[in-house]
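Colleague: Encoded as structure tokens, here's the structure I'll be asking about.
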Amino acid sequence: MVQVIQGKDITLAQLIDEFGLQFADDEHFFSEWQQDLAELSDLEKQSLNEVKAEYLHLSKYPILEPVVKMVVLSPLLRLAGFYQPPFYIASEQEVRISSEDEGTIVRGRIDILVFHPPLWVLVIEATKRADYSLVPAIPQALAYMLADATSAKPVFGFVTNGSEFRFIKLTKQVTPRYALSYTLSLNRGDDLYTVVKVLKHLAGLIRNS
């Protein structure tokens, strides 16, 4: 009997058991989020300071996913250059993946997909509330990343609740392997600058590939 799982309900254990996903225990596997990050301009830093101030002001009341997308995600993607050629943005993109024996099917919708036809560049998953943990969003993002039919190049993921951020890398040659950045926080030092530096770096890798 075929088991149908919604993306929001998938667990890492299920991805490991049904799709052969493996954690890449190699510090060099996901170097893109730490190496060769260009400095930001003063104007870019000023824009990010405004994003931080606006988010902190609004967070006095519960912040839901649409506000996170509008106040935090939108300016981050703009500063990173993902609204410019060669990139395109899709929202609520439907995806479906099945295990090799077709016994398990995962269905869902990607919150935001950045793509450079025919490649998926960045799968973005925002939690439903700003006070939710990023932990459940990681297997959900990985499931959607596994749905990308392009196996020759890595796919990157980005999960956020508005105040915390993690990057994900997935490769699918033979065996799907993934790794995570550590958690970056809007409330810690210059972490928000680092988030945009990483996004800009990923954009540059795609442009030059």
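The values are calculated or read from the model by the stated rules, or taken from the named source; none is laboratory data. Just so we're clear, the structure is a prediction, and the values are computed from it rather than from any experiment. Here the Cβ is made from the backbone with ideal geometry for all residues, glycine too, and neighbour counts use every protein chain on show. With ligands, DNA and RNA removed, areas are computed over all heavy atoms of the protein, side chains included. Shrake-Rupley method; radii C 1.70, N 1.55, O 1.52, S 1.80 Å.
Colleague: If you place +1 on the Cβ of every Lys and Arg, -1 on the Cβ of every Asp and Glu, and leave all else neutral, what size is the dipole of the chain about its Cα centre, to the nearest 20 Debye?
Modeller: The calculated dipole for the chain is roughly 440 debye.
Colleague: If you don't mind, there's one more thing I want to ask. Please provide three numbers in whole Å: the alpha-carbon extents of the chain along the principal axes, with the largest listed first.
Modeller: Sorted largest first, the three principal extents are 54, 40, 31 Å.
Colleague: Can you list residues whose amide H is under 5 Å from Ile5's amide H, if they're 5+ apart or on another chain and H is modeled 1.01 Å from N?
Modeller: Hits under the 5 Å cutoff: Ile105, Val106, Arg107.
Colleague: Out of residues 5 or more away from Asn161 or on other chains, whose amide H comes under 5 Å of its own, with H placed 1.01 Å from N in the peptide plane?
Modeller: Hits under the 5 Å cutoff: Thr127.
Colleague: Would you work out if region 1-119 is rounded, prolate or oblate? Take a ≥ b ≥ c from the square roots of the eigenvalues of the alpha-carbon gyration tensor; rounded if a/c is under 1.5, else prolate when a/b is larger than b/c, oblate otherwise.
Modeller: It comes out prolate by the Cα gyration axes.
Colleague: Cα axis of helix 191-207 to longest principal axis of the chain: angle in degrees, 0 to 90, nearest 10?
Modeller: Taking the Cα atoms of the chain, the angle to 191-207 is about 60 degrees.
Colleague: While we're looking at this one, here's another question. Students often check this: by mean Cβ neighbours within 10 Å, which of 31-43, 186-198, 110-122 ranks highest, and how do the rest follow?
Modeller: In descending order of packing, they fall as 110-122, 186-198, 31-43.
Colleague: Rounded to the nearest 20 Debye, what is the dipole magnitude of region 1-100 about its Cα centre when Lys and Arg each give +1 and Asp and Glu each give -1 at the C-beta?
Modeller: The dipole magnitude comes to about 600 debye.
Colleague: Would you tally the net charge around Tyr144, using a Cβ to Cβ cut-off of less than 11 Å, leaving Tyr144 out, and scoring K and R as +1, D and E as -1?
Modeller: Once all neighbours under 11 Å are counted, the net charge is 0.
Colleague: For the pairs Lys60/Lys200; Lys128/Lys200; Lys128/Lys197; Lys8/Lys128; Lys52/Lys197; Lys8/Lys172, flag any whose C-alpha to C-alpha distance is greater than 18 Å.
Modeller: In this structure, Lys60/Lys200; Lys128/Lys200; Lys128/Lys197; Lys8/Lys172 exceed 18 Å between Cα atoms.
Colleague: Can you tell me what the convex hull of the Cα atoms of region 132-209 projects to on average, as an area in nm²?
Modeller: 5.5 nm²
Colleague: Also, I was wondering about something else. Compute the helix-to-body angle for 42-58: its Cα long axis versus the longest principal axis of the chain, expressed 0 to 90° and rounded to tens.
Modeller: It works out to around 80 degrees.
Colleague: In Å², what does the accessible area per residue of the chain work out to with a 1.4 Å probe?
Modeller: It amounts to 50 Å² per residue over the chain.
Colleague: Per the 1.4 Å probe, what fraction of the accessible area of the chain, in percent, lies on carbon and sulfur atoms?
Modeller: That share works out to 51 percent.
Colleague: Counting only C-alpha contacts under 8 Å and six or more residues apart, can you give the relative contact order of the chain as a whole percent?
Modeller: Dividing the mean separation by the residue count of the chain yields 26 percent.
Colleague: With runs of 4+ DSSP H residues as the only contributors, calculate the mean residue ellipticity of the chain at 222 nm using -39,500 (n - 2.57) per run, divided by the residue total and rounded to the nearest 500.
Modeller: Roughly -9000 deg cm²/dmol at 222 nm, from the helical runs in the chain.
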